[in-house]
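The values are calculated or read from the model by the stated rules, or taken from the named source; none is laboratory data. If you're wondering where the values come from, they're calculated on a predicted model, not measured in any experiment. All Cβ positions, glycine included, derive from the backbone under ideal geometry; neighbour counts span all protein chains shown. Just the protein is used for accessible areas: all its heavy atoms, side chains included, with ligands, DNA and RNA removed. Shrake-Rupley method; radii C 1.70, N 1.55, O 1.52, S 1.80 Å.
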Amino acid sequence: MKKAVLVTGGAGYIGSHTTLALAIEGYHVVILDDFSQSQTVDLPWAEVMHGDIADVVLLNIIFKRYEIQAVFHFAAFIEVGESVKRPRSFYDNNVSKTATLLAVMLDHDVRRIIFSSSCAVYGAPQYVPMDEFHPTAPVSPYGRTKLAVEFMLQDYARAYGLGYASLRYFNASGAQWEHGLGEQHTPETHLIPLLLDAITQGREVYIFGDDYATLDGTCVRDYVHVRDLAQAHVLAFKQLLNKSESLVINVGTGVGHSVREVLAVTEHVCRRAAKVQVMPRRLGDAPVLVSNTQRMQEIFCWQPEHSDLMTIVTSAYAWHQQRRQERQALHVTL
Ligand SMILES: NC(=O)c1ccc[n+]([C@@H]2O[C@H](COP(=O)([O-])OP(=O)(O)OC[C@H]3O[C@@H](n4cnc5c(N)ncnc54)[C@H](O)[C@@H]3O)[C@@H](O)[C@H]2O)c1
């Protein structure tokens, strides 16, 4: 049987970049994605299967056809606001379907999983930078679904010998436009793509709250380039292959940038000033979310290489422009 890695949600933003990193390392990559949240993108380095992560028939086919070395589990609903309105579909997609996936994995004796967790499991920060010992008290159903899966993984590790790496991402950002990969969510709620859209189209940019106790009054977040994030997955996988010990680990840079800082860099990159409107604070927005990166550095000797803000925004802008040109060309052809 041919060895492969299975990447659920591999057609999405972070998943697609990770499939590229895995393919570059020489792994045969099988993607399972239902395309509910992603565009059909060209991923010539992977084998793409169209389907749901809880489709047991399809999963059995994949696990019988390949010797799956590990499952990279990205597939989930991710929009925090939506999770408040529709917790049922979030618990179904993010938790129940993960339980089905894990059951089929165990049936086929596949016992390694790299799980996309989130800094949302921590909830309101009690201190920053936040390490992995920070109390977990998620404030949204989305964050709770991530924590629920973490508990599941812990219990399955103890009972069934599952080896897992739970990667708690901070803000994934940036693009690899040279491979046609970038950030696109529906609805888009992430700062950099929102700024790029608004600034290039001459629309207003909204800042939610400028009276926080931060240097310039706006919220501070830890932006990690998706290419660095993808590399962290490769390292977590190698660690699981070598040692069966499970891991819970933050993936951020340890450096925070305020909304105004990101805005200034984006204006610079777009060579255009933004029309800014300051709005009231949003409920639940923490003033500062920054990762403590010590564990990541100690265990993986990992240093982010592409996560300076200028590189992040420049790459995101290049992809944004590339997509715009593609859409224009399509429009002309039609
Ligand atoms: N984007 C971030 O900054 C961030 C931060 C923390 C954690 N995460 C987590 O990382 C993961 C990936 O996030 P992303 O930004 O790439 O999101 P994304 O929406 O771009 O990717 C998710 C992919 O999963 C697929 N999917 C969803 N439900 C599915 C199902 N039942 N069956 C098959 N495919 C399904 C979607 O079609 C999509 O391609 C998610 O689990 C998310 O919670 C993301």
>> For the structure I just gave you, tell me whether Val224 is out of contact with any Leu (no Cβ under 6 Å at 6 or more places or on another chain) and crowded, with 22+ Cβ neighbours inside 10 Å.
In response: yes
>> Looking at the structure I just gave you, is Phe115 farther than 18 Å from Leu32 by Cα, in contact (Cβ under 8 Å) with a residue 24 or more places away in the chain, in contact with an Asp or Glu (Cβ under 9 Å, 6 or more places away or on another chain) and among the aromatic types (Phe, Trp, Tyr)?
In response: no
> Does the stretch 41-76 hold any residues that are open to solvent by 40 Å² or more (accessible area, probe 1.4 Å) and either polar (S, T, N, Q) or within 18 Å of the chain's Cα centre (by Cα) (or both), and which are they?
Replying inline: Val41, Asn60
> Hey, any hits in the stretch 133-150 for a residue that's part of a strand (DSSP E or B) and either within 15 Å of the ligand (Cβ to nearest atom) or surrounded by fewer than 20 Cβ atoms within 10 Å (Cβ to Cβ) (or both)?
Replying inline: no
> If you scan the stretch 101-118, which residues turn out to be near the ligand (Cβ under 10 Å from one of its atoms) and either out of contact with any Leu (no Cβ under 8 Å at 6 or more places or on another chain) or modelled with pLDDT under 95 (or both)?
Replying inline: Ser118
> Considering only the stretch 14-35, how many residues are over 17 Å from Thr98 (Cα atoms) and open to solvent by less than 20 Å² (accessible area, probe 1.4 Å)?
Replying inline: 9
> Any chance the stretch 86-100 includes a residue that's away from the ligand (no atom under 11 Å from the Cβ), farther than 24 Å from Phe170 by Cα, open to solvent by less than 50 Å² (accessible area, probe 1.4 Å) and touching a Leu at 6+ places or on another chain (Cβ under 8 Å)?
Replying inline: no
> Which is in a strand (DSSP E or B), open to solvent by less than 50 Å² (accessible area, probe 1.4 Å) and not hydrophobic (A, V, I, L, M, F, W, C), of Ser116, Ser38, Ser83?
Replying inline: Ser116
> Could you list, in sequence order, the residues of the stretch 186-218 that are open to solvent by less than 10 Å² (accessible area, probe 1.4 Å), under 14 Å from Ser258 (Cα atoms) and out of contact with any strand residue (DSSP E or B) (no Cβ under 7 Å at 6 or more places or on another chain)?
Replying inline: Gly209, Gly217
> Can you name the condition, by its number, that Leu247 falls short on among (1) assigned by TED's automatic domain parsing to the domain that holds Pro135; (2) farther than 27 Å from Ala124 by Cβ?
Replying inline: (2)
> Among the residues of the stretch 1-38, which ones are of a type in the set (Gly, Ala, Ser) and away from the ligand (no atom under 11 Å from the Cβ)?
Replying inline: Ala4, Ala21, Ala23, Gly26
> So is Gln277 more than 19 Å from the chain's Cα centre (by Cα), modelled with pLDDT of 95 or more and either farther than 30 Å from Gly209 by Cβ or surrounded by fewer than 21 Cβ atoms within 10 Å (Cβ to Cβ) (or both) or not?
Replying inline: yes
>> Which residue is least open to solvent (accessible area, probe 1.4 Å), if the candidates are limited to the stretch 119-129 and must be within 15 Å of the ligand (Cβ to nearest atom) and among the aliphatic types (A, V, I, L, M)?
In response: Val121
